[in-house]
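Take a look at the structure set out below.
The values are calculated or read from the model by the stated rules, or taken from the named source; none is laboratory data. Values in this document were obtained by computation on a predicted structure and should not be read as measured data. Note: ideal-geometry Cβ built from the backbone for every residue, glycine included; neighbour counts use all protein chains shown.
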Amino acid sequence: METVREGTMEQPMNYGKSYWCVKTPLSKDGEIYLYADRVELREGALIFWGRFYPPRGENEPPDYDNPEGEERILFIFNKDKWKACYIADKDECPVAAEHWEGEIVTAE
């Protein structure tokens, strides 16, 4: 059983190494961004998995080399509740797509 750390507020980045975007009608703007280590596609559902990565210190980034606890499910999108999924950069653009007409917007 996982213990709750009193007096701490963990950040989403403490639960996964990668930053993901899911295109979904579940959000007003059509996108949900989340952190997870990996995503699994099972019977059409997207299942996001991760572990807890404690911060290196107060107001410090997560220590991705020292996870705590077992891998666990962080988020599930049922098969009819998502359209696309990708790893995003901090500007929320897909890291592996160079051209995506109407989707990729860069500041000039």
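For the residues TRP82, TRP49, TRP100, the requirement of being modelled with pLDDT of 95 or more and out of contact with any Asp or Glu (no Cβ under 8 Å at 6 or more places or on another chain) singles out TRP82. Screening GLU10 against (1) surrounded by 13 or more Cβ atoms within 10 Å (Cβ to Cβ); (2) modelled with pLDDT of 95 or more leaves a single unmet condition, (2). Evaluating GLU43 against the criteria (1) of a type outside the set (Gly, Ala, Ser); (2) at pLDDT 95 or above; (3) on the phi < 0 side of the Ramachandran plot leaves one unmet condition, (3). For the range 13-40, the set of residues classified as part of a loop (DSSP other than H, G, I, E, B), within 11 Å of the chain's Cα centre (by Cα) and at pLDDT 95 or above consists of ASP37 only.
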